[in-house]
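Trainee: Structure in structure tokens, see below.
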Amino acid sequence: MRPAVLSLLLIPAILLCACKKDMQEMMLEEITLAETASLNRELAALHASLKDAKTDFDRAVIYAKIAGINSEKGNVKEAVRSSQESVKYQPNQYMSHYLLGKSYLQAGRFADAEESLLTSIRLKETFPLSHFELGNTYYKMRRNDRAETEFGITVKLDPRHFMAHNNRGVVLSLMGKHAEAVRSFEEAARLRPDFARAYRNLGVLYDLKLKNRVMAVKNYRKYLDASPNCPERHLVRTWIRVLGG
Amino acid sequence: MRAKKILITALLIFIGAAGALFTQAEKIRIAVAPFDDSVTAEGEAERAGTAAAQALRGAFSSVERFFVREPGAIQGYFDTLTRVQAGLAEPDTIRGQSENLLVKYLTVGTVSKFEGLYDADARTVNIDTWVIVHSHGATAGTLADALGDISWSVKNQFTGDYLKDRDENDPDRPVVSVTGFSDYNIPAQKRGYSGAFSEILNGQMGSFILISTVEGKYARALLEEKALEMAGVIGNDDSGAGLSIRGIQYRLAGDIRVFSDLICINYRLQDTSDGRTVYQGSKEIAGRKGLRPAAWSISCEIEDVLNSRIGTVKIGSTPPSAEVYIDGGRAGATPFLGSLSRGHHTVTLKLSGYKQHEEALEVLPKKITEKNIRLQAVTLELMMKAMSLERQGKWGEAVESYQKFIDEYGGSYEADNALYRKGHVLLVNVKDYAAALNAFKSLVARYPDTMTRAEAYFGMMKTYMAMGEREKARETAEYMIKNYPEAYATEEARGMSL
């Protein structure tokens, strides 16, 4: 009787282990496949080229490229590591400091991010992306006025930076400057019509602050059109219904 | 005699009724809510949620240990009440019906469909706590296959014992919820994986016994959803306080980035009391099929973190930019922030012009272990003295001084030079080849820096030549040419006749 009971207990355990092993194998397969993705091939080539780098400047440039790709992928640990290397080899290069600052921001290290981005700006004042990331850093530090200034500089240097227009709209809204915020969101949407977030923000602003139901519904709908599979689509539809849309 | 018979009959009826009541009380009382099919447009178009709930209700009902509340039970109760009020039914009709309404658990779930595949995920939660007590999910080509997998788990895995282990209120168990996964870049927004992925991860997290996962549907109700959203900022949503008040200690959030042939899933575990990120990671998959394995892998990692197997380390130095080595492996540069397994580690800091610093580090779980280290500058007095003695031809004293410098600043970059000079003096002047070889070999072994190693090999090669071991000298030269082709020392080695 006992072995029978034991085997009955063991079967689900074995099945569970087998299931886990399957998942592990599937994950390993996915990792292997991901390694051959174009971005990763590019990363591998950059790592390989480090061997042939003759000068510190060459190394700094390669590490900056590696950091840039990792930052795009969202791999914060690797982005921090490679941008630190880039700064080490070329301490006076604005791009290296910009990438380091951006990586620190992604890692939630706001004071470090501020320092690196300010260094980057000192080295090249007209580089819009450093101002953009500094604006994001100040936003996370809840220093909205400074954030607004930095986003303002970003759009002055690069008027087509739709994300800076969007983010400026967010901080302006938080500062109570709603009309200016609407203009910023609208500019972001005009520059990039498939940038769904701008419509969402317009919807929320009209809904909660400006109490304009018609415009809120209109923008929520535009958001759903631009982002048909957004995770909160059900919720947004409820918002539209509540507003009488 | 007759009274005795009546007594026995009454006793038997009582035992039977008690037994029936006991059996009823032992049952797992459950209701199945319609599955959410609104996560993806394709899933919603098929209205797959109701069918999924029906199939799962059938799976529960087919097993004796479950009591499943009928979907229209509450409405039916009110209908009967109306009939009684209208005089169409006896008042007793509605008495005792609460038995059919009472449930302790609720099964919620999601069906999503994109790129031809169905993802079905079911979670059963304790209605009082919203902690997931059982979960199972599957990805399949047909909805029936996905639901079949879940039904199998319900029938074979979801037992009273399974439930008992998961439903007990253990205050030491960390409480976590999966909220706030977003589609980060525009290609990701077009694909819209984040909603479905969040549901899969939610279910995977709910399958662990040593953590309590609060169902995401409930946790999301505690967040401010109508918030303005920044672009290019990680962690848009700072409203973790609502979760913290309700006892959810950690939230697992993240983003998905889609590239032409790669999907990157980035995730972070945040302490809801202060919004601090306690852990951060990334996974890469080649395509949509990898979403579930990735969720499984992430959930295993987070379970490790939450069960105190990993802690965070923050290392700063004065001056900054020192290289950080942890347990001998290069980990980055100061200011350094990273995750390490709990327990003892050795941290080493190296910076040119400063003495190598080494110290033990005790990594505590769920805490940031912080070290701020002031590095001690290398004083070159001893080195200058050794070089001066070398210039004066006092070889023995020079070797002794170089050794003193190495002993004092052994791990510093300046010690590389001292060790090389010592080997050189032993080789060229003292002609103690064995000692010279030892010096060069330790230089190779101790310093990973490329150029220093090339110089050390060059010293070894010259020592072998001096010792008449031409074969070993040639091998060393070949090694240098292969591994350090760009080094100046290699260039010199090439010019020597071997």
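Trainee: With a 10 Å Cβ neighbour count serving as the proxy for reagent exposure, in which order, fewest first, do B:Phe458, B:Phe259, A:Phe132 appear?
Mentor: Least crowded to most crowded, the residues run B:Phe259, B:Phe458, A:Phe132.
Trainee: Separate question: How far is helix B:143-156 tilted, in degrees, relative to the longest principal axis of the Cα atoms in chain B, given as a value from 0 to 90 rounded to the nearest 10?
Mentor: 80 degrees
Trainee: I would also like to ask the following. In terms of Cα to Cα distance under 23 Å, which lysines are near enough to B:Lys104, apart from those fewer than 8 places away along the same chain?
Mentor: B:Lys27, B:Lys155, B:Lys164, B:Lys217
Trainee: Ok, one more. Quick check on chain A: take the gyration tensor over C-alpha atoms, sort the square-rooted eigenvalues as a ≥ b ≥ c, and tell me if it's rounded (a/c under 1.5), prolate or oblate.
Mentor: Oblate, since a/c reaches 1.5 and b/c is not below a/b.
Trainee: For B:Ile373, what residues show an amide H to amide H distance below 5 Å, using hydrogens built from the backbone and excluding near sequence neighbours?
Mentor: For B:Ile373, whose amide H was placed from the backbone, the distant partners under 5 Å are B:Gly316, B:Ser317, B:Thr318.
Trainee: From the phi angles alone, apply the Karplus equation (6.51, -1.76, 1.60; θ = phi - 60°) to the stretch B:403-415 and give each ³J(HN,Hα) in whole Hz, x where the residue is Gly or Pro.
Mentor: Whole-Hz 3J(HN,Hα) from phi for the stretch B:403-415: 5, 4, 4, 5, 4, 6, 10, x, x, 7, 5, 5, 5.
Trainee: Summarise the long-distance tail of P(r) for the protein assembly as shown by giving the % of C-alpha pairs beyond 37 Å.
Mentor: Counting every Cα pair in the protein assembly as shown, those more than 37 Å apart make up 54 percent.
Trainee: Report, as an integer, the average count of C-beta atoms from other chains found within 10 Å of each Cβ along B:259-270. Spell out each step's value before the answer.
Mentor: Numbers: counts 7, 3, 8, 9, 4, 8, 1, 5, 1, 4, 0, 1.
The shielding value for this peptide is 4.
Trainee: Now a separate question. I need the shape label for the stretch A:133-220. Rule: rounded when a/c is under 1.5, else prolate if a/b > b/c, else oblate, with a, b, c from the alpha carbon gyration tensor.
Mentor: Working: a/c = 2.26, a/b = 1.39, b/c = 1.63.
In terms of gyration-tensor shape, oblate.
Trainee: Could you work out the mean count of beta carbons from other protein chains within 10 Å of each residue's beta carbon in B:331-338?
Mentor: 5
Trainee: Could you list, bin by bin from short to long, the percent of Cα-Cα pairs of chain B in 20 Å steps?
Mentor: Bins of 20 Å from zero give 18, 33, 24, 17, 6, 2, 0 percent of pairs.
Trainee: Check which residues have an amide H placed less than 5 Å from B:Val133's amide H, if you skip close sequence neighbours.
Mentor: B:Thr124, B:Val125, B:Asn126
Trainee: Here is a follow-up. Which one, A:Thr55, A:Leu174, A:Tyr138, projects farthest toward the positive side of the charge dipole computed for chain A from Cβ point charges (K/R +1, D/E -1)?
Mentor: A:Leu174
Trainee: Would you work out which of B:Ile256, B:Phe158, A:Leu100 lies farthest towards the positive end of the dipole of the protein assembly as shown? Charges go on Cβ: Lys and Arg +1, Asp and Glu -1.
Mentor: After comparing all options, I get B:Phe158.
Trainee: So for B:Met460, B:Met383, B:Met496, fewest C-beta neighbours within 10 Å to most, what's the order?
Mentor: Starting with the residue having the fewest Cβ neighbours, the order is B:Met496, B:Met383, B:Met460.
Trainee: Additional query: Based on DSSP H runs of at least 4 residues, each adding -39500 (n - 2.57), what is the mean residue ellipticity at 222 nm of chain A after dividing by all its residues, to the nearest 500 deg cm²/dmol?
Mentor: Working: 13 runs with 192 residues, N = 245.
Helix-only estimate at 222 nm: -25500 deg cm²/dmol.
Trainee: Beyond 16 Å, what percent of the Cα pairs of the stretch B:290-330 remain?
Mentor: 60 percent
Trainee: What ranking do B:Lys431, A:Lys177 get, fewest neighbouring Cβ atoms within 10 angstrom at the top?
Mentor: Ascending number of Cβ neighbours within 10 Å: B:Lys431, A:Lys177.
Trainee: Here's something else I'd like to know. Ranked from highest to lowest mean number of other Cβ atoms within 10 Å per residue, what is the order of the peptides B:216-222, B:141-147, A:194-200?
Mentor: On the way: B:216-222: 19.4, B:141-147: 17.1, A:194-200: 23.7.
In decreasing order of mean packing, B:216-222, B:141-147, A:194-200 become A:194-200, B:216-222, B:141-147.
Trainee: For B:Lys367, list long-range residues whose amide hydrogen, built 1.01 Å from N in the peptide plane, is under 5 Å from its own amide hydrogen.
Mentor: B:Thr312
Trainee: Further, regarding this structure: Could you go through the stretch B:61-76 in sequence order and give the Karplus-derived ³J(HN,Hα) for each residue, using 6.51 cos²θ - 1.76 cosθ + 1.60 with θ = phi - 60°, rounded to whole Hz, and x for Gly and Pro?
Mentor: 5, 6, 10, 4, 6, 9, 10, 10, 6, 5, x, x, 4, 5, 4, x
Trainee: Another question, then. Determine the calculated [θ] at 222 nm for chain B from helices alone, applying -39500 (n - 2.57) to every DSSP H run no shorter than 4 residues and normalising by the residue count; nearest 500 deg cm²/dmol. Working shown, then result.
Mentor: On the way: 19 runs with 215 residues, N = 498.
Mean residue ellipticity at 222 nm (helix-derived): -13000 deg cm²/dmol.
Trainee: Would you kindly derive the ³J(HN,Hα) couplings of the stretch B:469-475 from the backbone phi angles with the Karplus curve 6.51 cos²θ - 1.76 cosθ + 1.60 (θ = phi - 60°), listing them in order in whole Hz, with x for Gly and Pro?
Mentor: Values per residue, Gly and Pro as x: 9, 5, 4, 5, 4, 5, 4 Hz.
Trainee: For A:Lys211, go through the lysines and keep the ones whose alpha-carbon is under 19 Å away, minus same-chain ones fewer than eight residues off.
Mentor: Within reach: A:Lys177, A:Lys222, B:Lys226.
Trainee: Which lysines does A:Lys54 reach when only Cα atoms under 22 Å apart count, and residues fewer than 8 places away in its own chain are ignored?
Mentor: A:Lys65, A:Lys88, B:Lys482
Trainee: Arrange the peptides A:137-145, B:471-479 so that the one whose residues have, on average, the most other Cβ atoms within 10 Å appears first.
Mentor: So the order, starting with the most tightly packed, is A:137-145, B:471-479.
Trainee: Still on this structure: Just going by the charge dipole of the protein assembly as shown, with Lys and Arg at +1 and Asp and Glu at -1 on Cβ, which of B:Thr124, B:Val68, B:Thr348 is farthest out on the positive end?
Mentor: Sorting the options by dipole projection puts first B:Val68.
None of the figures in this text is laboratory data; all of them are computed from the coordinates on show. Since this is a predicted model, take the numbers as computed values, not measurements. So basically every Cβ, Gly included, is an ideal-geometry build from the backbone, and we count neighbours across all protein chains shown.
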